[in-house]
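The values are calculated or read from the model by the stated rules, or taken from the named source; none is laboratory data. All values derive from a computational prediction rather than experimental measurement. Neighbour counts run over all protein chains shown; Cβ positions are idealised from the backbone, glycine included. Areas reflect the complete protein model, heavy atoms only, side chains present, ligands, DNA and RNA absent. Shrake-Rupley method; radii C 1.70, N 1.55, O 1.52, S 1.80 Å.
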Amino acid sequence: MDAFRLLTRSTKLKPASSASDSRLPSTGKAANPQLFRTAETDKLESAKNGKKRKRSAAVQQDEEDVPDLDFFSSNKRPAASVTETAVATGDDEKVSAQDAVSDDDDSMDEVERRTILNSHKIKVTDMRDLEGIQVQPTSTTDSKKKKKKSKKEEAPTLSKKEQKRARRLFPEPLLNFKELRSKYKISSRLAENVAEQGFTVPTEVQLGTLPLLLGESSEPDLLVVAPTGSGKTLSFLIPVINKIVRHHHSNPDEHGILSVVVAPTRELASQIVNEGRKLVAGTGVKITLMRKGMRVGDYGDAGANVLEENNEESSGSEDEEAENKLAKERANIPVTKSDILVTTPLMLVNALSANRTTTMATLPLVRSLVMDEADVLLDPLFREQTLDIWKSCSHPDLRVGLWSATMGSNIEDLTKSTIRERLEDLGQKPSAPHALLRLVVGLKDSAIPNIDHKLVYAATEQGKLMGLRQLLRPAAASASDIRLRPPFLIFTQTIPRAVALHSELKYDIPAEAGGSSRIAVLHSDLSDGQRSDIMRDFRKGEIWILVTTDLLARGVDFRGINGVVNYDIPNSAAVYVHRVGRTGRAGREGGIAVTYYTKEDIPYVKSIANIIDVSEKLRGGEEGDKSIQKWLLDALPNLSKNSKKDMKRHGVKARQAPRLTDKEDDGKGARGMRISTKSGFERRMENNKRGAIEASRNRKAAAAASGNVSDAGSWGGLDD
Ligand SMILES: Nc1ncnc2c1ncn2[C@@H]1O[C@H](COP(=O)(O)OP(=O)(O)OP(=O)(O)O)[C@@H](O)[C@H]1O
């Protein structure tokens, strides 16, 4: 039997039922955005919530819960500190003495905290060296722990298991958004802005991280690995904004950039600004997208020195003169008046070093640095720039947050060493000791469990195109195993392939459905204006199908997209996780991820098949429902470390070649990878025909030149 037909069969494709149409991501938000929960915790959480509601009614306000989060010690804390916090947050934050009354009923014991965190698959770990962990026994259940004198003393004798246990933390979870105000005393205006978003239940990442970042314990540095579409943006923006509101109250004269959020693409950065604007309304906090020409840093004397040096050497090259002019212009621009700056790495690095004409300026006031999609920001592509930004934040009380759905252990090591080096370079200590914590939701580096994965063997490039065309035609959908409704995204490996696929599909949408205007291509070679127009039209629903590259693989939130097509397989398992995570956002069900693979892709498919397998295990359900058969997993080859690295950097080799135009086509090279429905035979015939026409033209021209043809201009030939 043909091995490839066998491979196709191994992917179990179930016909889509019409019932599933009623729960497409595009039909609206999920009743509950959480991905992991059990009936047991639902009961426990609603009991806790119910208790609070009852108590709130009794005292006619729901702002009396005492913030009691302290993940290193007991739940109790002095009443005075609550009042202090409230006062620090300003006039609108004042609480009465009654607010500071401790409430035993509302606090959770460790068993409850463990139960809730475990059922939501939230794992919090202290990442510091054991000597740095001050273990104070909090457990009421683990009597063994109580007997231990001090972890510091015992660290050398701890087994690996014991060390793991010592690092594990069970902080109090956030049960509902009202607690943000009642328990964590966030700015009332910010709390209103959160409420206006209409979210009812906190997602797992919000449930786990918000108490850590808003609680009374010294704010930690935080590494967060949480599923795509699980609301990480809100999780880092709320604490950042609240911290600035407090800062404005306690330091009214200090103005400047207090927080920097770094994201790998302009699209993601501008989305974060849009989300941020909804949250800062009326709080007095300003959030801005970094733009070219903005002056952001403290250039100190360095900027002036360079200006002078450049002036002395003004007889230099045109480039130097241009740089000099730029540096002069920059010196005249006032420093931007924004509290939160959202930027891509290069944009900020260029601004801080005046396009590399000066040494890096500093950002002396920044207290929070957020790296969204941190693993890619610290990947070799962006690493140097990101570390430059990190080190330019020169305040000793800087806190960092690294957020992503995927994070390798190398990122953890790099984070630890950078935190240490930065403080050593500064020669100053933070005003309060703080922890580096890691919070993981679900299984690290896995795809969300609420989408259907279809791994389809298409044998050849033409097979992929034919498969995709079937998806585009509703009439053909019944003949297909997969039913994918617009809006959806199609990912290709390179920009030329995205452009080629777009022009191939452009006329496939019938005029009555809007025709070619319904499909568009988005990539980084387009101008900023074109990129934002396409994003806007896709969000508005005017564009239904967007062909793109990995530019849109991470972070961007098109809430209701029904699916993702990996026309070209992704370069790594992590990219797969991010690409498919564009659907199934905030717990929406019914999203589909279709991945086509060809003969050339077989060596690279195993890591993707593994991700699908794990995601289906996370979802639970019957063994028979799994789309990846075990024997396929066993049969697919493993990739060597080096090949994995190479694939990550360059993608499938055969697809790297620039697409040849028909005229350049010599019938070899990238032919097999061209995006076209025309077969090799058809192309050969076309080539022959073109050759014949060319030869005929040449003959005619030669004849005309020798005067043999009287009417040489009367035949224009065939137009190809
Ligand atoms: N508690 C909530 N309830 C319902 N929807 C929510 C909640 N929190 C956030 N959302 C929505 O979930 C969507 C995804 O959020 P967000 O873009 O922050 O995800 P993310 O975790 O950053 O994903 P990615 O890893 O892909 O960047 C957004 O549309 C957001 O408005």
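Computed extension gain for residue 532 through residue 634, at 0.36 nm per residue and net of the alpha carbon distance, reaches 32.3 nm. Here the Karplus relation 6.51 cos²θ - 1.76 cosθ + 1.60, evaluated at θ = phi - 60°, turns the backbone of the range 186-203 into coupling constants of 6, 3, 5, 5, 5, 4, 4, 5, 5, 4, 5, 6, x, 7, 9, 10, x, 6 Hz, with x for every Gly and Pro. For the range 446-657, what's the relative contact order in percent, using C-alpha pairs closer than 8 Å and at least 6 residues apart? With pairs under 8 Å counted, the relative contact order is 29 percent. Once the chain from residue 381 to residue 643 is taken as fully extended at 0.36 nm per residue, the excess over their C-alpha distance is 92.5 nm. Taking amide H positions as modeled 1.01 Å from N, with prolines and chain starts lacking one, the residues under 5 Å from residue 261 and 5 or more places away or on another chain are 341, 342, 343, 370.
If you plug the beta carbon distance of residue 421 and residue 158 into 1/(1 + (r/R0)^6) with R0 = 30 Å, you get a FRET efficiency near 0.65. Taken one residue at a time, the phi angles of the range 254-266 give Karplus couplings (6.51, -1.76, 1.60, θ = phi - 60°) of 8, 10, x, 6, 9, 9, 10, 10, 10, 9, x, 10, 5 Hz. Gly and Pro are set to x.
Annotation: per residue accessible area for the range 446-657 equals 40 Å², rounded to a whole number [probe 1.4 Å, protein chains only].
A probe of 1.4 angstrom, applied to the heavy atoms of all protein chains, finds residue 417 with accessible area near 30 square angstrom. Sorting 557-566, 576-585 by their mean Cβ neighbour count within 10 Å, with the most densely packed peptide first, gives 576-585, 557-566.
For residue 211, neighbours were defined as the other residues whose beta-carbon sits under 9 Å from its Cβ, and their charges (Lys and Arg +1, Asp and Glu -1) total -1. Spacing of the modelled spin labels on residue 192 and residue 698, each 7 Å from Cα toward Cβ, amounts to 8.0 nm. Under a 5 Å amide H cut-off, with hydrogens placed 1.01 Å from N, residue 168 pairs with 126 among residues at least 5 apart or on other chains.
Amide H contacts under 5 Å for residue 453: 593, restricted to partners 5 or more places along the chain or on a different chain, H placed in the peptide plane at 1.01 Å from N. Rounded to whole numbers, the Karplus 3J(HN,Hα) couplings from phi for the range 206-215 are 6, 4, x, 8, 4, x, 5, 8, 9, x Hz, using 6.51 cos²θ - 1.76 cosθ + 1.60 with θ = phi - 60°, and x at Gly and Pro.
Label sites at residue 391 and residue 109, each approximated as a point 7 angstrom past Cα along Cα to Cβ, lie 5.1 nm apart. Rolling a 1.4 Å probe over the protein heavy atoms of the range 446-657, with every protein chain left in place, gives an accessible area that is 51 percent carbon and sulfur. Modelled spin labels at residue 654 and residue 542, positioned 7 Å past Cα toward Cβ, are 4.0 nm from each other.
Straightening the chain between residue 517 and residue 250 buys 90.8 nm, computed as 0.36 nm per residue apart minus the Cα-Cα spacing.
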